[in-house]
1. Can you tell me how the stretch 29-125 classifies by the Cα gyration tensor, rounded, prolate or oblate, using a/c under 1.5 as the rounded cut?
2. Hand me the chymotrypsin sites (Phe, Trp or Tyr not before Pro) from the stretch 3-89 located in a DSSP loop with no more than 13 other Cβ atoms within 10 Å, in residue order please.
3. Let's test the formula: R0 of 35 Å, r as the Cβ-Cβ distance of Ile16 and Asp93. What FRET efficiency results, to the nearest 0.05?
4. Which value at 222 nm does the chain reach when only helices count, each DSSP H run of 4 or more adding -39,500 (n - 2.57), with the total divided by all residues and rounded to the nearest 500 deg cm²/dmol?
5. Given a Förster distance of 35 Å, report the FRET efficiency between Gln80 and Arg157 from their Cβ-Cβ distance, rounded to the nearest 0.05.
6. Filter the trypsin sites (Lys or Arg not before Pro) in the stretch 19-122 to those in DSSP coil with at most 14 other Cβ atoms within 10 Å of their Cβ, and list the result.
7. For the chain, taking Cα atoms only, what is the radius of gyration to one decimal and the Dmax to the nearest whole Å?
8. Comparing Gly15, Gly60, Gly145, which has the greatest mean-square fluctuation in the GNM of the chain with Cα pairs linked when under 10 Å apart?
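What follows draws every value from the coordinates through simple rules; no lab data is involved. Just so it is clear, the structure is predicted and the values come from calculations on it, not from any experiment. Every residue, glycine as well, gets a Cβ built from its backbone with ideal geometry; the counts of neighbours run over all protein chains shown.
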Amino acid sequence: MIIRRLALFFALLSGIVTTQMPEYWQQYRQRLDGAIDELSAIVARFDADNAGYKLTEQGGIAHLEASADPLVRARGVEMQQIVRRLQKLQRADAAFNDKNLPDKWWTLATTFDPAIAARAYETYQPAIPATMDGFIAGLIGFFIGGALIHFLGLPIRYRHKIFRRRGTVSADRPTASA
């Protein structure tokens, strides 16, 4: 009986928490778009500078990394990191356009950017979910939370079958006489 109450409590708690994910996604995506805009501006300036010397983006990075000057080499490594981060964030942004809720969760997990996530969390404010995404996320959280507690409670619920004494004889089984 207590397992059922605990399961219901955790199912409700999990449902409430997961209903907030769409709002957090919105905050995260706003930060993501801002980071993409800023990194795109940096890469565009770098590409424009390279074009003046008839170099491609990768050619300009390679030129910087091949320099004897450690400061210039460090700038080349930094530009390579900026380009990679921009590409990763653009993939994340494109995946967020997917209407499939599990794909959005997977995208958040695989393209997670801790700096953006931290800034999004700083400005995050809980909201009442009024969208289908919020409703579906709540249902998923409710069922996962309830199922998890039911699963964890199985040993308690069936402890009499799991931990029965081996020396006791069941009334259903006949005893062997000598």
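1. Judged from the Cα gyration tensor, the stretch 29-125 comes out prolate (a/c at least 1.5, a/b above b/c).
2. Answer by residue number: Tyr53.
3. Result of the calculation: an efficiency of 0.80.
4. Value at 222 nm, helices only, nearest 500: -25500 deg cm²/dmol.
5. 0.05
6. Qualifying residues, ordered by number: Lys54, Lys99.
7. Cα-based Rg and Dmax for the chain come out at 27.9, 103 Å.
8. Result for the chain, Cα springs under 10 Å: Gly60 fluctuates most.
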